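Take a look at the structure set out below.
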Amino acid sequence: MAKMSAGYAVGESLAQLGVRNVIGMAGSCLVEILDGMYGREDLGFVTVRHEQSGALMASAHGRLTGTPGVCMATNGPGATNLITGVAHAKLAQSPVVVITGAPMTKDMFYESTQEIDHLAMFAPVVKRTIQVRKAEQTANLVREAYHTAISGVPGPVHLDIPRDIMLEDVDVPRLNGHGSDELPRAGADPTRLAEAAELLKKAARPLILAGGGVIWAEATGDLIALAEALGAPIMTSTGRDDVVPTAHPLFLGSIGRGTIPEAGALFKEADVVLAVGTRLAHSTTFLRNTFLGEGTKLIHAAHEQKNVERHYPAEVGLIGDSGLVLQGLLALTGDKNSGPDWRRRVDEVRAAQGAHREKGLTYGAKPIDPRRAQMALAKVIPQNAIITLDAGSAAGYVYEYHQFDRPRSFLAPQDLAAIGIGYPLGLGAKLACPDRPVVTISGDGAFLFNGAELETAVREKLNTVTIILNNHNLGSERAYQSHFYNERYIGDAIGNPRFDDYARAFGAVGYRVEDPSELEDVYAEALKQNKPVLVDVIVDADIYPEPRRKDAVKQRG
């Protein structure tokens, strides 16, 4: 065992667990941890300009690698600034270890400077919140936080460490046996698995709806094998469009956002839907009782009991790891193909999707149609690229127009749907996967939430390409006011700098595009740069996807 302070033990423990970067902002209550990282070659510290961005970067790392990203902030305002990023990680099911400093134990509960009840504050947005009460527990609690973040349904775990605890000397054990590849995996009940297999064997029109659990389980191959054996088309829950390579002949994209009418109609035609690794949650289903087709039988497989039949009754419910469920079903169903008629319907929908994408290239007006901006990128973006996405309207066309060639290529806003998250997610993606191109698609309102991180990108050489679809508007709100409030626009208009000039002011590369004929050439040039890039694309403020929450507003004349 090595002897060192508990603060030093934090860095030592993280390094032993395989963490290579901690992301955050320095603070006085963290200096013992930071000093323990000084000069280490196996563990670095990445300084951001706002703690929210640190949590979002850590979230991107977790989603792309399957191992926890780590973010750190000082007590009080540093911790409060983390909350949105941590909440995003919780709802996106990203493994993250969140470390905060805390006041000295003698000063607690006296409203001391920057004292906030961190445990109560983080509790709703993490899997577990832990405060180190004894210095000798530090290393094992770091390990426990790491392990908890990747166990079961992934998510963030919060570790709070008082200042005086960090200064005590402790023995640091060797931390072994807690890699993601060593986690226990639970399969479904054999009897229920057999019941589900019988339903699938009898199905004439089976369909598989896959969610994030398939990605956590590294089970894309198992998913494809079962789909091919059954002749079942594959769709995904919203934001999980990268579960299966888009080019696969059975893949029909996501159900929910970006679903074209032909795909939506086919989904309703299925006689059996196997929903695997998904909660069938609000962002995919909007909890509508008409989500499934009339008479459709549901097999629902999820990693946690609480998510099975939570919203929709199932003929069979399965609890277990997505990979083991898919393997078990394949072994029991054999090669029971659905037949040519169902496959013909799948081919028709894929043809309609291809035509829909190609139509995006025909929109040639000025200001630029955001659909044209998306398809121009789809033509030139490298196959191995990662796309990160902000919430918002113009950026939302990604779901209709972009294709992915492998899992862990798409970081969508997921259920928190917070604007401003796309750019830090992109930086976190580049930090985690430096050899892959990273492209962020953001609206102008969203980008400036965390636009100061351009300095972080330049300093840390996180060379991403960010496409800002700039309509000088908060487009989602404008869309609602257009559709439901007779174009009475209020609170939607915003002002912006020229983002190409903004980029150059930070030492990055900037482009501005106002003519749609220039899009492909500019994007291709941007992707060649060895610096962070902003592409300012001037788009039409009155072209946007239809508002999704039609059930939550009232038509007014």
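Observations
- Pairs of Cα atoms nearer than 8 Å and 6+ residues apart set the relative contact order; for the chain it is 13 percent.
- Annotation: average projected area of the stretch 79-217 is 11.5 square nanometres, based on the convex hull of Cα atoms across all directions.
- Among the GluC sites (Glu not before Pro) found in the stretch 1-77, those both in a DSSP coil and sparsely packed, with 11 or fewer other Cβ atoms within 10 Å of their Cβ, are E41.
- Pairs spanning more than 30 Å between alpha-carbon atoms, out of K127/K201; K306/K430; K268/K306: K127/K201; K306/K430.
- Its residue count N fixes a reference of 2.2 N^0.38 Å for the stretch 303-439, and the Cα radius of gyration divided by that reference is 1.35.
- Å³ per residue enclosed by the Cα convex hull of the stretch 455-529: 117
- Gyration tensor verdict on the stretch 182-256 (Cα atoms; rounded if a/c is under 1.5, prolate if a/b is larger than b/c, oblate otherwise): oblate
- Residues Y146, Y8 ordered from highest to lowest accessible area at a 1.4 Å probe: Y8, Y146.
- Once the 1.4 Å probe is applied to the protein heavy atoms, the stretch 242-294 comes out at 34 Å² accessible per residue.
- Tail beyond 22 Å, pair distance distribution of the stretch 203-354 (Cα, percent): 31
- Pairs of Cα atoms farther than 28 Å apart, the stretch 6-161, %: 9
- Span-rule helices in the chain, defined as complete DSSP H runs reaching 20 Å or more along the axis (Cα) with Kyte mean at least -0.5: 51-65, 77-92
- Principal axis box of the stretch 393-517, alpha-carbon based, largest edge first, Å: 48, 35, 33
- One compactness figure for the stretch 50-109 is 1.17, namely its Cα radius of gyration divided by 2.2 N^0.38 Å.
- Percent antiparallel among DSSP beta bridges (both partners in the chain, rounded to 5): 5
- Relative contact order (percent, whole number), the stretch 182-332, Cα cutoff 8 Å, 6+ residue spacing: 32
- Peptides 484-491, 319-326, 355-362 ordered by average Cβ neighbours within 10 Å, highest first: 319-326, 355-362, 484-491
- Using equal-weight Cα scatterers in the Debye expression, the normalised intensity of the stretch 342-392 in log10 at q = 0.25 Å⁻¹ is -0.99.
- Each peptide in 91-99, 52-60 was scored by the mean count of other Cβ atoms within 10 Å over its residues; highest first, the order is 52-60, 91-99.
- Against the empirical curve 2.2 N^0.38 Å, the C-alpha radius of gyration of the stretch 488-557 lands at a ratio of 1.54.
- Shape metrics for the chain, restricted to C-alpha atoms - Rg then Dmax, Å: 24.1, 74
- Both the radius of gyration and Dmax for the stretch 351-423 are 12.8, 35 Å, in that order, over alpha-carbon atoms.
- Computed helical MRE - 222 nm, the chain, DSSP H runs ≥ 4 contributing -39500 (n - 2.57), nearest 500: -11000 deg cm²/dmol
- Here the Kirkwood formula, the inverse mean of 1/r across different C-alpha pairs, assigns the stretch 390-452 a hydrodynamic radius of 12.2 Å.
The values are calculated or read from the model by the stated rules, or taken from the named source; none is laboratory data. Just so you know, these numbers come straight off a predicted model, no measurement behind them. No Cβ is skipped: glycine too gets one built from the backbone with ideal geometry, and neighbour counts run over all protein chains shown. We work out accessible area using only protein heavy atoms, side chains counted, and drop any ligands, DNA or RNA first. Shrake-Rupley method; radii C 1.70, N 1.55, O 1.52, S 1.80 Å.
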